[in-house]
Amino acid sequence: MYRSSYDQPNILLIVTDHWSAHLLGCAGHGVVRTPVLNQLAKNGVRFTNAYSEHPVCIPARRTLMTGTSAREHGDRTFQAKLEMPSHLPTMAQTFRDAGYQAYAVGKTHTYPQRDRLGFDDIQLDDEGRTHHGVTDDYEIFLGDKGYVGQQFGHGISNNGYHATSWHLPEEVHATNWATDTMCRIIRRRDPKRPSFWYVGYRHPHPPLVPPDRFLKFYDGVEMDESVWGNWCDDDDLPVMLQAFQTRYKLTDVEARWAKKHFYALCTQIDQQIGAMIGTIREEGQLDNTIILFTSDHGESLGDHGIWAKQNFYEGSAGIPMILVGPKDSDRVGFNQTDDRLVCLADVMPTLLDLAGIDVPETVTGQSMLSEPRETLYGEFGEGELACRMIHDGRHKLIYYPAGNRCQLFDLDEDPNELNNLAASSAHDNVLGALKARLIDSLYGSDLDWLKDGELVGLPNRRYRAAPNRGLGLTRGHQWPVPPVNPDGLMVFFPETKDSDE
């Protein structure tokens, strides 16, 4: 077995999609099974206050890849055809400039789809987004295996919560393909250079289609109940919250069914991570490899009547963050938890810091091993369909401009965010301090929410639900490859027009 002579560590960055911070056995979840990730946490540090500062796929991934926030990279609204800003060095390019070989497998969710983001190569799984003009590598793999156009034969869309089991052999599931492809890349590495490996698992993001054997782990297991804040019964919720609660209406039976399949996808990923780490160990590289596991955002899973993401409640914005250093690392430690506030913009500077590589001046995140930040700011959307967050490590302020509505939660006392403390006189000082921080963080069109330096927001209104013809429908077959479709973009909150228009 050849042992490399280079001094810098390898990097394995594992990024899932829709995985919430609490969905780990090591985080105390009573249902989901994650033995490999539990073991990883024992060998490193788990950050218990990690957040996606823009909790939706594309903005979050721009932040991850550049170490910057939406203020710098320009997307807080899910701009599907916005290219990555050319003036921002990516994580992969920075590693390559330092002599690393850099390879990616799986989901990157960028445009144009074959943008390599600074990697030497990307084996792409773009979730069947052929309407943008590209047949990705996973689809090509299925065709080579005799399953041309069959990845959506289960009939469920990428954003549906009705669920079923995977309809093809397990070895051609997207999770297995990503693992097997990365394992081959690891074995084929240049032994004289350090490696940066990125694996982007598309799941547990819908479609909820785990292989049968992972569903069996949850047969007869009681699913955890979703939570419902006492503020959810307000007759005048901000229009964005109305839209969230209207978008998906699942019965209790459907919700339990969705959770079972979602957790099975988590367990499948957990096992496949074990196979990938086993490959690194067998190649003699594990002692000199840094591992970081995270997700682009979480999944609400019915909490407060909400499914999916795009909000700053814990299920949606809270993400797992597990960091494992090289063997005998005195900077990372092992079997530790750290409650400092960290976010996706911190991933790039943290990994560069541990590898001894200078962090580009464009990066606005900070190493998770540096001095803790006092507060963390998050943003999604613009105008009346916007929400903002300020977090001080214990208290979280969520702000909706529609109706000028604040929500304040004490996460130490109320981790499920059941009690809105914004009207509590005992919390006036906390609320005032966080609102001041929020005002200091606003820019662009958000400044319209201010008058004489104070928040006034925007008028609120009733959400006018319309049939959603694009987001939650079933999927068709991918053969022949569907044509480029300029209308193939999602409408998150479809509405009817006012009756008097």
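Read-outs: derived from the displayed coordinates by stated rules, not from any lab. None of these values were measured; they are calculated from a predicted model. Glycine gets a Cβ as well: all are built from the backbone with ideal geometry, and neighbour counts include every protein chain shown.
Results, tabulated for the structure shown:
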quantity: For peptides 355-361, 430-436, sequence by mean Cβ density within 10 Å, most packed first; calculated: 430-436, 355-361
quantity: Fraction of beta bridges assigned by DSSP in the chain that are antiparallel (%, nearest 5); calculated: 45
quantity: Ascending count of other beta-carbon atoms within 10 Å, so fewest first, for I319, I140, I156; calculated: I140, I156, I319
quantity: Sequence-separation-based contact order of the range 371-418, relative, with Cα cut under 8 Å and 6+ spacing, percent; calculated: 25
quantity: Mean Cβ neighbour count within 10 Å, used as a protection proxy, ranking 273-283, 328-338, 12-22 highest first; calculated: 12-22, 273-283, 328-338
quantity: Cα-centred dipole magnitude for the range 375-463, charges only on beta-carbon of K, R (+1) and D, E (-1), debye, nearest 20; calculated: 240
quantity: Proxy reagent accessibility, fewest Cβ within 10 Å first, across W307, W231; calculated: W231, W307
quantity: Unit charges on C-beta of K, R, D, E only; dipole of the range 63-202, Debye; calculated: 340
quantity: Selected from Y6, L352, G302, residue furthest toward positive end of dipole (the chain; charges at beta carbon); calculated: Y6
quantity: Under 5 Å, built H, 5+ apart or other chain: amide partners of I11; calculated: S195, F196, W197, I290
quantity: Exposure proxy ranking, count of Cβ atoms within 10 Å, fewest first, for C343, C406, C387; calculated: C406, C387, C343
quantity: Contact order relative to length of the chain, as percent, for alpha carbon pairs under 8 angstrom and 6 or more apart; calculated: 25
quantity: Which label in [x] 24.0; [y] 23.2; [z] 25.6 gives the computed Kirkwood radius over Cα pairs in Å; calculated: [y]
quantity: 5 angstrom amide H check on I319, placed H, neighbours 5+ away; calculated: A21, A50, Y51, S52
quantity: For the chain, calculated [θ]222 nm from helices alone, where every DSSP H run of n ≥ 4 adds -39500 (n - 2.57); calculated: -7000 deg cm²/dmol
quantity: Contact order relative to length of the range 266-399, as percent, for alpha carbon pairs under 8 angstrom and 6 or more apart; calculated: 16
